[in-house]
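To keep things clear, I will list the structure first and then write my remarks on it.
The values are calculated or read from the model by the stated rules, or taken from the named source; none is laboratory data. As the structure is a computational prediction, the values presented were derived from the model and not from experiment. Neighbour counts are summed over all protein chains in view; Cβ atoms, including those assigned to glycine, are modelled from backbone coordinates with ideal geometry.
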Amino acid sequence: MIADVMLAALALIEHLPMEEQQQRLTVVQEALCWLGTPYAHQGRVMGAGVDCGMFLAEVFEGAGVIPHTEIEDYPHDWHQHREEERYLANVERYAHQVDRAPLPGDIVLYRFDKAISHGAVVLAWPQIIHSYIRLGVVLDEGLRNHILREAQVGVWSMWPSSEVTA
C-alpha cells in the first residue's frame, strides 16, 4: 500500500525540479509513518497522539521542510466561537495558497464553523492523510468525503515552483 501511494505521488510530480520532488516525497513518506496515531488535542507524538494542526507541523518538520515550530495553546473548540484565523496563520508561516489542483505534499485546508480549523496532507489527490477527531491519523478521499468536500477552502504549498503546472 505504501509503495503504491509513493508511486502514485511520484507520477504526479515528476515534472517538478528534482529537489522539490524529493522534498514532496519525503513529506508523503513522513505523513504515512503517522498512520494509526490516535487523535489527541494538541498532541504531537507519533503513535501516542496528535491533532490535525500538530500533525501538519510534525510532518513538515520531520521531513526537514520547516524548522521546529511552537504553536500557541488553543482550545479544541476555538473555531466555533471566533472568526480569528489562528489555524491559517500557523500554516501561512511557511506555506502560501495556490490556485491549482493539489499536488503530493501540499496542504488542503477546511473551514468548520467560523474559521479554518482543519488541514490535511495531500498524498495523491484526492487521497489525503489527516488526524481526524475520534479516528486519529487516517487516509481519506478528500473529494468523496462529503463533509470535507463541502468544507474545503483551498490548497497551500511550501514550494514556489509548484505554482507552475506542466
* When the residues of the stretch 36-73 are filtered to those that are over 15 Å from H118 (Cα atoms) and among the polar types (S, T, N, Q), which remaining residue is modelled with the highest pLDDT? -> T37
* To do: Check off (1) of a type in the set (A, V, I, L, M, F, W, C); (2) closer than 20 Å to L25 by Cα; (3) crowded, with 21+ Cβ neighbours inside 10 Å; (4) in contact with an Asp or Glu (Cβ under 7 Å, 6 or more places away or on another chain) for V98 and give me the number that stays unchecked.
  => (3)
* Asked: Could you say which residue among E58, E19, E14 is acidic (D, E), within 23 Å of E92 (Cβ to Cβ) and over 16 Å from the mean Cα position of the chain (by Cα)?
  -> E19
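Per-residue answers, yes or no, for (1) without any contact (Cβ under 8 Å) to a residue 60 or more places away in the chain; (2) of a type in the set (G, A, S):
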residue: D4; (1), (2): yes, no
residue: A8; (1), (2): no, yes
residue: Q23; (1), (2): no, no
residue: A40; (1), (2): yes, yes
residue: E70; (1), (2): yes, no
residue: Y74; (1), (2): yes, no
residue: Y87; (1), (2): yes, no
* To do: Just one of (1) farther than 18 Å from W156 by Cβ; (2) buried (at least 21 other Cβ atoms within 10 Å of the Cβ); (3) of a type outside the set (K, R) trips up G49, so point out which.
  => (2)
